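The block underneath contains the structure these notes are about, expressed in structure tokens.
Just so it is clear, none of the values below were taken in a lab; they were calculated from the coordinates. Because the structure is a prediction, the values reported are computed rather than measured. Don't worry about glycine lacking a Cβ; one is built from the backbone with ideal geometry, like all the others, and counts go over all protein chains shown.
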Amino acid sequence: MPNSAKQTYVFRDVEEDDLPLLHDWLAQPHNVEWWDDADEAIEEIREAMDSVETEPLIVELKGKPIAYLQCYDPHLEEGHPYQDQPFGTLGLDISIGEPELIGVGHGSAIVSQFAEQLFEEGCPRVIIDPHPDNARAIRAYEKAGFRELYRIASIYGEAVLMALDAPAD
């Protein structure tokens, strides 16, 4: 966990004013490798701001934006490759903003806290799908408790589908 103390992250909706910052983040080398072209990604985020299947969020720590997170429902998108997952499953995509925030535990801590919130709202499973070559992300998600379900080549590219199930009551 970052700074060896439990961090509390705030998740808020992406607003139009956030798009230049998101563009800068997505144009960083540590993100370019895993995301579409920054211009294309911003257009997809802009579209998601008005969609029902994807919720684009800014992650803040101590009032400062540090990451982009999107939560999506694979059952609301026609032909989504993860419709084999239990009904109510939600998927996540995350991108840490600045390079100095990479590798210090924010990724695993953010997805852990967000998954906990989703479980409290009744979500049975949270999935995430890093590229098979993104070892750093896979380790971060494993640290957060995610486990590999299977590997897939889909319309979105190659991925390791990982899942975290809600705790049993």
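Normalising by the residue count of the chain, find the relative contact order in percent from Cα pairs under 8 Å and 6+ residues apart.
18 percent.
For the peptides 92-98, 41-47, what is the packing order when you average, over each peptide's residues, the other Cβ atoms within 10 Å and list the highest mean first?
92-98, 41-47
Of the DSSP beta bridges with both residues in the chain, give the percent that are antiparallel, rounding to the nearest 5.
Expressed as a percentage, antiparallel bridges in the chain total about 90.
Would you grab the residues whose amide H sits under 5 Å from the one on Leu149? Only those 5+ places off in sequence or on another chain, please, with H modelled 1.01 Å from N.
Sorted by chain and number, the residues that satisfy this are Leu161, Met162, Ala163.
Taking the Cβ of each residue in Thr54, Thr8 as the centre, tally the other Cβ atoms inside 10 Å and list the residues starting with the fewest. Please list the in-between numbers first.
Details: Thr54 19, Thr8 10.
Exposure proxy ranking, most exposed first: Thr8, Thr54.
Given +1 on the Cβ of Lys and Arg, -1 on the Cβ of Asp and Glu, and no further charges, what dipole in debye does segment 2-165 carry about its Cα centre, rounded to the nearest 20?
Dipole of segment 2-165, to the nearest 20 debye: 1120 debye.
Would you give the gap between the C-alpha center of segment 75-128 and the C-alpha center of segment 135-164, rounded to a whole Å?
After rounding, the separation between the Cα centres reads 11 Å.
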